[in-house]
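Visitor: Sharing a structure with you now.
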Amino acid sequence: MLDRLLVARDEETGATMSDLELRDEVITILFAGHESSAVALTWTWYLLAQHPEVESKLHTELAAVLGGRRSTAEELATLSYTRMVIEEAMRPYPPVWTFPRAAIADDEIGGYHIPAGSLIFPSQYLTHRHPDFWENPGLFDPERFAPEHSEHRTRICLPSRRRRAAHLRRPSFCHGRNVPRMPP
């Protein structure tokens with residue numbers, strides 16, 4: 001991961017990270033990323049304990065693909081049901097329940113004026129449980145993340161700067177987003 005940080009460039013300026021920025025990113029990855037991954041896995045295991053039929057299907061996939069050995073990065077990409085289970089577990093129990101965004105322009109959200117520069121804290125914990133966005137939001141159903149359902153699934157995210165809605169930018173980056181997909 002460090003080699004990627006060393007060559008990473010800002011999309012707008014093309015600049016690389018300073019030594020101080022690089023140090024801060026590594027510290028964030030080691031400490032903050034660890035906690036969010038631990039939280040995601042803890043809730044996943046809790047939900048698997050509550051739903052033995054899902055756990056059984058997960059074990060079947062792991063046995064078929066891995067046969068009891070450690071995974072490789074290539075094999076992780078083939079664990080489709082495992083990915084669905086983790087994504088569904090993070091829907092009602094996201095590792096981070098709110099995430100700050102800064103308005104880059106004046107806007108209006110829900111009838112409230114948001115001045116440029118204001119910080120807002122959308123709650124993915126609430127939106128991931130909202131019946132307007134998810135059918136049967138209280139039901140643990142990994143199948144809702146099956147590839148064949150992706151076109152009909154509501155996307156719950158804030159748009160990037162490239163899209164018009166909400167005029168928001170992310171002040172930070174989720175370093176742990178691919179950790180569950182990495183080999184141990």
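Visitor: Considering only region 66-80, state which residues are under 24 Å from the mean Cα position of the chain (by Cα) and not charged (D, E, K, R).
Guide: Ser71, Thr72, Ala73, Leu76, Ala77, Thr78, Leu79, Ser80 - these are the residues of region 66-80 that are under 24 Å from the mean Cα position of the chain (by Cα) and not charged (D, E, K, R).
Visitor: Now a separate question. Output yes when any residue across region 99-114 is over 18 Å from the mean Cα position of the chain (by Cα), surrounded by fewer than 16 Cβ atoms within 10 Å (Cβ to Cβ) and closer than 28 Å to Gln50 by Cα, and no when none is. Quick ask: steps written out before the conclusion?
Guide: The first filter runs over region 99-114 and keeps only residues over 18 Å from the mean Cα position of the chain (by Cα), leaving 102-114.
If we keep only those that are surrounded by fewer than 16 Cβ atoms within 10 Å (Cβ to Cβ) too, we end up with 102, 104-106, 108-113.
From what's left, closer than 28 Å to Gln50 by Cα: none.
Scanning region 99-114, I find no residue that is over 18 Å from the mean Cα position of the chain (by Cα), surrounded by fewer than 16 Cβ atoms within 10 Å (Cβ to Cβ) and closer than 28 Å to Gln50 by Cα, so the answer is no.
Visitor: Does region 18-38 contain any residue that is modelled with pLDDT of 85 or more, over 30 Å from Pro142 (Cα atoms) and part of a loop (DSSP other than H, G, I, E, B)?
Guide: yes
Visitor: Turning to a different aspect of this structure: Tell me, which residue of region 1-10 that is assigned to a helix (DSSP H, G or I) and within 20 Å of the chain's Cα centre (by Cα) is surrounded by the fewest Cβ atoms within 10 Å (Cβ to Cβ)?
Guide: Per the stated criteria, the residue is Arg4.
Visitor: Kindly indicate whether any position in region 61-71 is touching a residue at least 40 places away in the same chain (Cβ under 8 Å), within 24 Å of Gly33 (Cβ to Cβ) and surrounded by 11 or more Cβ atoms within 10 Å (Cβ to Cβ).
Guide: Yes: one or more hits.
Visitor: Within region 11-24, count every residue that is surrounded by 10 or more Cβ atoms within 10 Å (Cβ to Cβ) and not hydroxyl-bearing (Ser, Thr, Tyr).
Guide: Number satisfying all stated conditions: 6.
Visitor: Looking only at region 104-142, count every residue that is at negative phi and assigned to a loop (DSSP other than H, G, I, E, B) and tell me the total.
Guide: 21
The values are calculated or read from the model by the stated rules, or taken from the named source; none is laboratory data. Keep in mind that what you see is a predicted model, and the values were worked out from it rather than measured. Heads up, the Cβs are rebuilt from the backbone with ideal geometry, glycines too, and the neighbour counts pull from every protein chain shown.
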